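Student: Questions regarding the structure given below will be posed in turn.
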């Protein structure tokens with residue numbers, strides 16, 4: 001059986017089934033993307049055995065957007081993930097989203113996969 005980190009599961013979604021009906025597994029670049037999303041979207045303190053894990057990006061919704069501080073937080077968290085290569089340095093873009101529902105922000109990240117060296121692009125929005 002696979003370790004939990006090796007199951008196909010995007011943050012906020014359900015576990016996926018394989019073609020045979022078992023739990024789907026994940027490897028390589030997609031596994032890395034899932035790890036990065038989990039780290040960025042998990043609130044610090046949510047994992048009782050790793051209280052410092054996570055960036056808690058959703059906590060920034062509704063606050064005055066300090067985009068430079070958010071980029072620095074994201075960069076620091078990315079560099080804690082072994083799947084993210086440090087050279088070249090990750091490129092991070094953060095843009096505020098203003099809407100009637102409470103707003104949020106859009107994140108675009110480009111990094112190199114540490115194992116393969118291949119570029120990885122990850123874009124997502126965090127909204128109310």
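Condition check ((1) buried (at least 16 other Cβ atoms within 10 Å of the Cβ); (2) more than 14 Å from residue 111 (Cβ to Cβ); (3) at pLDDT below 90) across all residues:
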position: 8; (1), (2), (3): yes, yes, yes
position: 19; (1), (2), (3): no, yes, yes
position: 25; (1), (2), (3): no, yes, yes
position: 33; (1), (2), (3): yes, no, yes
position: 43; (1), (2), (3): no, yes, no
position: 60; (1), (2), (3): yes, yes, yes
position: 69; (1), (2), (3): no, yes, no
position: 79; (1), (2), (3): no, no, no
position: 89; (1), (2), (3): no, no, no
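Student: Residue under question is residue 89, and the condition is that it be in a helix (DSSP H, G or I) and over 15 Å from the mean Cα position of the chain (by Cα); does it hold?
Tutor: no
The values are calculated or read from the model by the stated rules, or taken from the named source; none is laboratory data. All values derive from a computational prediction rather than experimental measurement. All Cβ positions, even for glycine, are placed from backbone atoms using ideal geometry, and neighbour counts span all protein chains on display.
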